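Presented below is the structure to which this report refers.
Derivation of every value follows stated rules applied to the coordinates shown; laboratory data play no part. What you see is a predicted model; the values in this text were computed from it and never measured. Virtual Cβ from ideal backbone geometry, glycine too; neighbours counted across all protein chains shown.
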Amino acid sequence: MQKTKAGIYIHIPFCAQACSYCNFHFSTTRKNMDKLITSIGNEMAIREKDWRAYQFDTLYFGGGTPSLLRSENFSFLMEALNKHFFMTSLQEFTIEANPDDITHENLKAWKEIGVNRLSIGVQSFDNEVLEWMNRSHKAEDSLKALERARGFGFEKFSMDLIYGLPEGKGGDFMKDLGRVDELGVNHISAYALTIEENTPLHKKIMTQSFPAPDENRAVNDFQKLQEWARENDWRHYELSNLSKKGAEGVHNSQYWSRKPYLGLGPSAHGFQEEKRYWNLANNPQYIKQIDLGILPEEKESLSLKDQLNEWVMTSLRLDTGLNLKNLNGYPTELVQEIIDSADELIRIGELERYKDSFGHLHVRVPLEKRFLTDGIASKLFLV
Ligand code: SF4
C-alpha cells in the first residue's frame with residue numbers, strides 16, 4: 001500500500017546565549033544535552049507505531065540551535081530515525097544553523113548525514129543590531145559561513161532576516177536585502193521584530209531603557225520587501241517567506257497545506273489526521289517522562305470549525321490564497337458562512353478573487369493589504 005507523505009521536525013532546545021527578542025523554548029545550559037538526545041531517540045521508539053503508514057520526505061532540525069550538536073549526536077539521531085521510520089525517500093533535509101557554528105568540521109558532519117539545505121540565522125548584517133539582539137555572531141561570520149558552506153557543495157540556503165527595528169538602533173533593511181542577492185542565497189525568511197513578553201527586550205522596553213519598535217517602520221520595510229521581490233524576480237510565496245523560482249521550502253510548505261508532520265523533542269508540535277499534539281517545553285520534565293515511557297504531550301482533536309479556520313489562516317498567508325476547492329467535503333453551511341464573509345471583504349477591498357489555471361476559484365489578500373493578512377484572515381473565522 002502506498003504510504004502517506006509526511007515531514008519530521010526535531011526541536012533541539014539549546015542555545016549558546018539568549019537572544020534578546022526570543023521566546024522560543026531553549027536552554028543555555030548544555031549539561032543535559034546528551035541525555036536529552038537519547039530521550040529524543042526514545043520518543044521515536046514510542047511514536048513509531050503511530051507513524052508506520054507514513055513515508056517521510058522532509059526532515060527539519062530546528063530550535064534552539066541544532067548547529068550546536070556534535071557529530072555523534074547527529075549520527076545517533078539519524079540511526080534512530082532510520083530504525084523507527086520510513087526515511088528512504090527524503091527529499092529535503094534542513095538544519096537551522098547559526099553563522100558562527102558553520103565550521104569545516106560541522107559542514108563535513110552535516111554533509112555526511114545527508115543535509116542538503118541550511119537555514120542560517122543571519123537576522124541582520126549590522127553589528128550594532130546583532131549586539132543589542134545579543135546574537136552570538138558578527139556580520140562577517142555570516143559572509144564567511146556562506147562561502148565555507150558553498151565550498152562544501154551546499155547549494156540550498158535560507159537566511160533569516162528581521163525588519164521593523166526600533167529607530168536609532170541601527171539596521172538598514174534595504175542594505176540587508178542587497179546582501180541577499182550579492183551572496184546568491186535562494187530563500188529568505190523575513191520577520192517583523194515582535195516584542196514577546198518575558199524576553200530581555202520586553203523588560204528593557206518596559207523600563208524605557210530601550211526604544212520600542214515603530215510599527216510604521218515595519219509596514220515600510222514590508223513594502224520595501226515586496227518591491228524588492230518584484231524587481232529582483234523573487235516569489236513572495238508566504239507572508240514571511242520568499243524564494244527564487246523552485247527554491248520554496250518544502251518542509252514548511254507542508255505545514256501550510258495541512259499535511260501530516262511528526263514533531264520530536266521538547267516543545268515540538270505534531271499533526272496527524274486532524275489531531276495536534278505539542279510536547280512539554282521543559283527539558284528535565286521531557287526527559288523524566290520519556291524515561292517512564294510516557295509521551296510528554298498535550299493533544300487536541302480539531303473540530304470542523306478549527307480545521308476550516310486553519311485552512312483560512314494558512315492559505316491566506318500564501319500568495320496563492322485560499323483555494324475554495326480545499327473546502328470541499330466540509331459541511332456546506334460552514335463553507336457558505338466563510339464564502340459570505342469573504343464576499344463582504346471582497347466588497348471592501350480586503351480580499352480579491354481569481355481563478356487558477358485549472359479554473360479553481362481562490363480568494364487572496366491583495367498585495368497592498370498583505371501586511372495585514374493575519375487580521376484579515378481572522379475576520380473569516382468561524383466561531
Ligand atoms: S539562537 Fe535562535 S532560538 Fe536561540 S535564543 Fe537566539 S533566536 Fe532564540
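A few remarks follow.
- FRET efficiency for the pair ARG150 and MET174, taken as 1/(1 + (r/R0)^6) with r the Cβ-Cβ distance and R0 = 30 Å, rounds to 0.75.
- Here the contact order of the chain, divided by its residue count and restricted to Cα pairs under 8 Å and six or more residues apart, works out to 15 percent.
- Considering only the chain, percent of DSSP beta bridges that pair antiparallel, nearest 5: 40 percent
- Spatially close lysines, pair count over the stretch 211-329: Cα under 24 Å, gap of eight or more or interchain: 13
- Net lengthening on full extension, THR332/LYS355 (0.36 nm per residue, minus Cα-Cα): 6.2 nm
- 3J(HN,Hα) along the stretch 146-153: 5, 4, 4, 5, 4, x, 8, x Hz, from the Karplus curve 6.51 cos²θ - 1.76 cosθ + 1.60 with θ = phi - 60°, whole Hz, x for Gly and Pro.
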